[in-house]
Amino acid sequence: MLARLTTPHDRLRELGITLPPAPPPAASYVQTRLVSIGDGRALLYIAGQISREGERVLSGSCPDEVSVEEASRRARQCALSLLSQIESAVGLDTVVEITQLIGLVLSADGFGDQPKVMNAASDLLVEVLGAAGKHTRVAVGTNALPFSATVEIAAVAVVRTG
Amino acid sequence: MLARLTTPHDRLRELGITLPPAPPPAASYVQTRLVSIGDGRALLYIAGQISREGERVLSGSCPDEVSVEEASRRARQCALSLLSQIESAVGLDTVVEITQLIGLVLSADGFGDQPKVMNAASDLLVEVLGAAGKHTRVAVGTNALPFSATVEIAAVAVVRTG
Amino acid sequence: MLARLTTPHDRLRELGITLPPAPPPAASYVQTRLVSIGDGRALLYIAGQISREGERVLSGSCPDEVSVEEASRRARQCALSLLSQIESAVGLDTVVEITQLIGLVLSADGFGDQPKVMNAASDLLVEVLGAAGKHTRVAVGTNALPFSATVEIAAVAVVRTG
């Protein structure tokens, strides 16, 4: 009963997390799009969030330039940016569920621990949103990402609008 | 008329296919998420399924470590895992259509036959689901995938829920 | 007021653009799938469109084989193919919004200007569709794409069906 009354903002406070400002788009696009699907709910599409600390992009490939531990910390930063975008667009309290995460890790050839890196993002979403934070996931490596960011994560969520 | 009465399970039997058990998630996520969109239908998001045989990941990049023929066979394995996830979540009989496939092939630099590899997955979905199995597709190569799997495929489907 | 009366076809004329024929699928899939979401609207999923000029694939990685400027021009070609697919499936006049763009740029290791390349596609969508063309975006680099195409872009849109 009490668990149900804990809000995402309560959990952020308990975790000692202050959400960063929602980063503006890096180019000719928007950060979120809302698609009504009936019953006072909507799909919220969120653009790819790259790893950054304030204005600075956290760049470099894993594990040759950036360790798995550091890449994981950067994946968590991306998850924080996703939460900031949701908060800015519709408010974290409206989240019904995170439906899909698409996570990309800048990877040296042969690196295969993208799931470990992405877990840091996945775990944060569950810590903040509870069961609503559990999502399907597509974890992928790649040789090149915008601004050579170590991690990029995009998402689709279901939110209440009515 | 008779064709309409053929179920996915009938077709699996005719093809001599026994679906593998739906693999559990490899990390902090869930395999499927269901989003109601009215009229007794829902979008079913399915997490990325990597090429595997039972517990063993089928790894290696195409075509230098794994031939196009073998990679195709592995893409088909991913499609079987997708079908297993659908069966486990909502039952194959409820599938209205496979809407989107996102397919990733672990690729040597310069390899461009991802469509041929992915066709093995696409064809299986149509063999089992008939017209409902026809889907839009994003076929991509990459230098790095989880556990160095040869193929990873995620999907979105429309299913009946009411 | 006048702006609201300008149709996508008007804008294409003003821009001097003739849409290319919607390319057929390169393999075992379909180019579009329509998912009704109520209120006379539907999600339109569009398969990955690779850079091409007529039948010829525009191939090569950026920036070592193809300059950023040329890659941008090719991203714009992909956006034209997306518009052709929408026109062919449901008509450009029905577009409520472009919801999500997934853009892949064939990239040399260390290349990070995918956002600049993808802007050419994003800008074209806004030029033709106005505010409805503004979308969320996932821009990614990769070492391998179908037929070694320089750019591949897939999309999800919301369209009016009723």
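All of the numbers you see were taken from the coordinates with simple rules; none came from a lab. Given the structure is predicted, the values throughout are model-derived calculations rather than measurements. Heads up, the Cβs are rebuilt from the backbone with ideal geometry, glycines too, and the neighbour counts pull from every protein chain shown.
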From C:139, C:144, C:108, C:149, grab the single residue that is closer than 28 Å to residue C:55 by Cβ and either among the basic types (Lys, Arg) or within 13 Å of the chain's Cα centre (by Cα) (or both).
C:139
Would you tally the residues in segment B:5-20 being in contact with a Gly (Cβ under 9 Å, 6 or more places away or on another chain) and either within 29 Å of residue A:122 (Cα to Cα) or surrounded by 15 or more Cβ atoms within 10 Å (Cβ to Cβ) (or both)?
3
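Please verify whether segment C:48-57 includes one or more residues that are among the hydrophobic types (A, V, I, L, M, F, W, C) and under 15 Å from the mean Cα position of the chain (by Cα).
Taking segment C:48-57 and keeping what is among the hydrophobic types (A, V, I, L, M, F, W, C), we get C:50, C:57.
After this cut, where a residue has to be under 15 Å from the mean Cα position of the chain (by Cα) as well, the list is C:50.
There is at least one residue in segment C:48-57 that is among the hydrophobic types (A, V, I, L, M, F, W, C) and under 15 Å from the mean Cα position of the chain (by Cα).
Would you confirm whether any residue within segment B:86-96 is closer than 22 Å to residue C:142 by Cβ and part of a helix (DSSP H, G or I)?
Initial filter on segment B:86-96 (closer than 22 Å to residue C:142 by Cβ): none.
No, every residue in segment B:86-96 fails to be closer than 22 Å to residue C:142 by Cβ and part of a helix (DSSP H, G or I).
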Kindly indicate whether any position in segment B:34-57 is facing chain A (nearest Cβ under 10 Å), farther than 24 Å from residue B:159 by Cα and not in a strand (DSSP E or B).
no
Segment C:102-120: number of residues that are under 18 Å from residue C:58 (Cβ atoms) and small (Gly, Ala, Ser)
4
As an exercise: evaluate residue A:92 against (1) surrounded by fewer than 24 Cβ atoms within 10 Å (Cβ to Cβ); (2) within 29 Å of residue C:110 (Cα to Cα) and give the number of the one condition it does not meet.
(2)
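Given the options A:121, A:75, A:71, A:144, name the one that is buried (at least 22 other Cβ atoms within 10 Å of the Cβ), more than 7 Å from chain B (Cβ to nearest Cβ) and assigned to a loop (DSSP other than H, G, I, E, B).
Working: A:121 fails: assigned to a loop (DSSP other than H, G, I, E, B); A:75 fails: assigned to a loop (DSSP other than H, G, I, E, B); A:71 fails: assigned to a loop (DSSP other than H, G, I, E, B).
Result of the check over A:121, A:75, A:71, A:144: A:144.
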Condition (residue is within 14 Å of the chain's Cα centre (by Cα), touching a residue at least 24 places away in the same chain (Cβ under 8 Å) and under 25 Å from residue A:58 (Cα atoms)) applied to segment C:83-101: is it met by at least one residue?
yes
Residue list for segment C:78-114, filter: of a type in the set (Asp, Glu), within 11 Å of chain A (Cβ to nearest Cβ) and closer than 20 Å to residue C:12 by Cα:
C:97
Index of the failed condition, residue C:27 passing every other in (1) in contact with an Asp or Glu (Cβ under 7 Å, 6 or more places away or on another chain); (2) surrounded by fewer than 19 Cβ atoms within 10 Å (Cβ to Cβ); (3) not in a helix (DSSP H, G or I)
(1)
Restricting to segment C:95-118, name every residue that is surrounded by fewer than 24 Cβ atoms within 10 Å (Cβ to Cβ) and more than 18 Å from residue A:31 (Cα to Cα).
C:95, C:108, C:109, C:110, C:111, C:112, C:113
